[in-house]
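Encoded as structure tokens, the structure appears first; notes follow it.
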Amino acid sequence: MTTMSIRPSGSARPSGSARPAGYGVVRAGRGSLLLHRRSALVALGLLLALAAVGVAYLCVGERFVAPAEVLKVIFGQDARAAFVVEELRMPRLAVGLMVGAAFGVAGALIQTVARNPLASPDIIGISQGAGALTVGAMTFGLTSYTVLPYLSIVGGIAAAALVYVFAWRGGLHATRFVLIGIGFAIALRSLTTLFMTKGDYLVAQQAQIWMTGSLNGRGWDEAAPIRWTLLVMLPAILWAARAQRTVSLDDDTATALGVRLGRVRLGLVFVGVVLASVATGVAGPVDFVALLAPQIARRMTRTAQIPLLCSALMGAFVVVAADLLGRRLFSPAELPVGVLTAAVGAPYLIWLIVRSRTGGKA
């Protein structure tokens, strides 16, 4: 019979066993797993907060639906509000959850590799590369939201490859990586603007709305690309969660342990780029989520490395909460979710820059 238990870090343990402070051991049969207790509690709290904001998201709209009716629909019971909840609001909520989670994990991985909290996909050119190719495709008549996310992946990978190549000088220096990424971001944003001026007026308007980052009109068909991408990338994400620990070590220690840092970093960047690009393709460049979520998660968990699960949950919470506020603040008009995340993320970015210049004292 398989048993599972968590032993606190302060309890007695066999001599010679080493366990970091703050960790417990999860045992499943003959196997065991170190579990950071604070991270587990934070993840549980974020899940509860996400469930609460998700129910509120399904309740609020042009027609208010009581929470009891929403819960009936969620659990498959017949309810009068089934069409409103299942067909109009739940697909948009699902897209918001997946987009936020993808941005959160992408930001965590890229910041880990660069060892810089400013190394966010929307700052170092990855989102801009995805956006440039997507808007270019719109300009030439391709406007299917089931195809555009896959093109965004190609654009994001191409932009990341350029940044990686130009930043590599016998190693990957964090400051150079960020600065070159910012330069490419500016250039690619200019290219996106050029595409918009060359396209048809209606296409340009559609591209402009997409560029603000919005979940408006997203349904189950638009959710398919990011759903399948997350499923395909799940083994890589699980590998990244483990590989992230070795990359967080200093280079000499990691090399002494036999870690091939170049390959591991490249793999982590690839996973992050794919996730950020497909999220951009589905919802547009929702700025600052990939910057905010990992740093908030790390401060909440107080771990040495950025926690991927908490980053994903925090990213999902930020996107869904921002979209809920965007729908209701100026009702019946809707603000794109990217406007709300930028309003919060821009001051946070300024604070990070000031903090880095004052040696962490802000």
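The values are calculated or read from the model by the stated rules, or taken from the named source; none is laboratory data. Computed from a prediction, not measured in an experiment: that's the story for all the values here. Glycine gets a Cβ as well: all are built from the backbone with ideal geometry, and neighbour counts include every protein chain shown. Please note that ligands, DNA and RNA were not included when accessible areas were found on the heavy atoms of the full protein model with its side chains. Shrake-Rupley method; radii C 1.70, N 1.55, O 1.52, S 1.80 Å.
Key figures for this structure:
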| item | result |
| --- | --- |
| One residue from 58, 44 being open to solvent by 20 Å² or more (accessible area, probe 1.4 Å), at pLDDT 85 or above and either of a type in the set (Lys, Arg) or in a helix (DSSP H, G or I) (or both) | 44 |
| Selected residue (only one of 163, 135 is open to solvent by less than 10 Å² (accessible area, probe 1.4 Å) and closer than 22 Å to residue 342 by Cα) | 135 |
| From the options 105, 113, 95, 154, residue that is in contact with a strand residue (DSSP E or B) (Cβ under 8 Å, 6 or more places away or on another chain) and assigned to a helix (DSSP H, G or I) | 113 |
| Boolean, residue 142 is open to solvent by 30 Å² or more (accessible area, probe 1.4 Å), touching a Phe, Trp or Tyr at 6+ places or on another chain (Cβ under 7 Å) and either part of a loop (DSSP other than H, G, I, E, B) or of a type outside the set (S, T, N, Q) (or both) | no |
| Tally of residues being open to solvent by less than 40 Å² (accessible area, probe 1.4 Å), within 30 Å of residue 85 (Cβ to Cβ) and outside any helix (DSSP H, G or I) across segment 191-228 | 5 |
| The listed residue being closer than 16 Å to residue 320 by Cα, at pLDDT below 90 and either out of contact with any Asp or Glu (no Cβ under 8 Å at 6 or more places or on another chain) or assigned to a helix (DSSP H, G or I) (or both), out of 50, 88, 118 | 88 |
| Candidate set: segment 114-126, residues that are open to solvent by 10 Å² or more (accessible area, probe 1.4 Å) and not charged (D, E, K, R); chosen: the one farthest from the chain's Cα centre (by Cα) | 116 |
| Test: residue in segment 19-30 that is at pLDDT 85 or above, surrounded by fewer than 18 Cβ atoms within 10 Å (Cβ to Cβ) and among the β-branched types (Val, Ile, Thr) | no |
| Qualifying residue in segment 194-210 (condition: of a type in the set (S, T, N, Q), closer than 21 Å to residue 125 by Cα, within 25 Å of the chain's Cα centre (by Cα) and modelled with pLDDT under 85) | yes |
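So that you can scan it fast, the table gives a plain yes or no per residue for (1) β-branched (Val, Ile, Thr); (2) without any contact (Cβ under 8 Å) to a residue 60 or more places away in the chain; (3) out of contact with any helix residue (DSSP H, G or I) (no Cβ under 7 Å at 6 or more places or on another chain):
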{"position": "278", "(1), (2), (3)": "yes, no, no"}
{"position": "295", "(1), (2), (3)": "no, no, yes"}
{"position": "301", "(1), (2), (3)": "yes, no, no"}
{"position": "346", "(1), (2), (3)": "no, yes, yes"}
